[in-house]
1. For the chain, set up a GNM with springs between Cα atoms under 10 Å and report which of Val68, Val127, Val227 has the largest fluctuation.
2. Restricting attention to segment 1-109, which GluC sites (Glu not before Pro) occupy a DSSP loop and are surrounded by at most 12 other Cβ atoms within 10 Å?
3. Shape of segment 8-250 from its Cα gyration tensor (a ≥ b ≥ c, root eigenvalues): rounded if a/c is under 1.5, otherwise prolate when a/b > b/c, or oblate?
4. Fewest first, what order do Lys84, Lys7, Lys165, Lys134 take by the number of other Cβ atoms within 10 Å?
5. Have a look at Ser190, Ser200, Ser104 and tell me which one the Gaussian network model of the chain (Cα, springs below 10 Å) gives the largest fluctuation.
6. Helix 20-30 sits at what angle to the longest principal axis of the chain, using alpha carbons and giving 0 to 90 degrees rounded to 10?
7. About its Cα centre, how strong a charge dipole does segment 8-250 have in debye, to the nearest 20, once Lys and Arg get +1 and Asp and Glu get -1 at the Cβ?
8. Considering only the other residues whose Cβ falls under 12 Å of the Cβ of Glu56, what net charge follows from Lys and Arg at +1 and Asp and Glu at -1?
Amino acid sequence: MLDLTGKHALVTGIANNRSIAWGIAQQLHQAGAELGITYLPDEKGRFEKKVRELVEPLNPTVFEPCNVQDDAQIQSTFETIREKWGKLDILIHCLAFAGKDELSGDFSNTSREGFTRALDISSYSLVSLAAAAKPLMTQGGSIVTLTYLGGVRVVPNYNVMGIAKAALEMNVRYLAAELGSQNVRVNAISAGPIRTLASSAVGGILDMIRHVEEVAPLRRTVTQTEVGNAATFLCSDLSSGVTGQVLYVDAGYNIMGM
Ligand code: NAD
């Protein structure tokens, strides 16, 4: 049964109502999970206000600032979870960042700083969040991250983010191998292109979406809700034998040669 009643789920990466993490949070909530939400804090507190208002209907019992480049914020988030919940069952890693300059033009122009920042935020953060979650996943668990086809094939303009996604997908395998002995599963969803804040920074994203609509077997792109449904499956006992995998939720686009 797809029933997450009694499960505690931490969802990262909600920026607004277009965020893939928002689609996931809604579907986890619908399946009965109790939610914790983190947001990226900014100086004026705008993100906090926006995300707080958005998620209110889902009654999150944990709501924490968590910039994944700040170890103290990660530690404090998981300390709050330990105090309030005592355990964690589900971790949704749904965040990424690369500077706009790095997401168009020649890949060889990627700066050292841009490369390091993209890999730190978009890939290493899965390792640091999983490490913090590990001692709290005492009754098994499920960790799900979001990746994209540009991590296994060359997609114009995706550039350094493709390298970050390749590293992220390998993180999934190493983490799955390590955490499997405590019945913690680690999987990735490779989503088709969706218009969001993050994807709007990738040069030519609208052309990419149009191309997928023409070529994908289902002749369309996917929605946040469809990704949310797949994530909910990966967090439920229905997927109890699945770990270390990349599940494509992309209307079938990845199977096409032309
Ligand atoms: P989004 O802009 O809604 O979400 C990105 C999130 O990353 C935001 O909430 C932002 O606050 C967060 N973030 C950035 N830097 C951070 C930091 N230092 N600490 C904490 N959080 C930080 O965009 P999205 O498209 O929903 O992206 C979510 C995930 O889905 C990303 O990993 C993205 O690569 C992946 N993805 C997106 C698409 C797409 O087409 N939109 C396709 C496949 C995979």
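Readers should treat all values here as calculations from the given coordinates under stated rules, not as data from a laboratory. These numbers were taken from a predicted model, which means no experiment stands behind them. Cβ: placed from backbone, ideal geometry, glycine included. Neighbour counts: every protein chain shown.
1. Val127
2. Details: sites: Glu34, Glu43, Glu48, Glu53, Glu79, Glu83, Glu102; in loops: Glu43.
Sparse-neighbourhood loop GluC sites (Glu not before Pro): Glu43.
3. Working: a/c = 1.42, a/b = 1.33, b/c = 1.07.
It comes out rounded by the Cα gyration axes.
4. Details: Lys84 12, Lys7 22, Lys165 27, Lys134 19.
In increasing order of surrounding Cβ atoms, one gets Lys84, Lys134, Lys7, Lys165.
5. Evaluated over the chain, the most mobile residue of the options is Ser200.
6. Relative to the chain, helix 20-30 is tipped by roughly 40 degrees.
7. Working: 21 positive and 25 negative charges, 57 e Å.
Here the size comes out at about 280 debye.
8. Details: positive: Lys49, Lys50, Arg52; negative: Glu53.
Counting the neighbours of Glu56, the net charge comes to +2.
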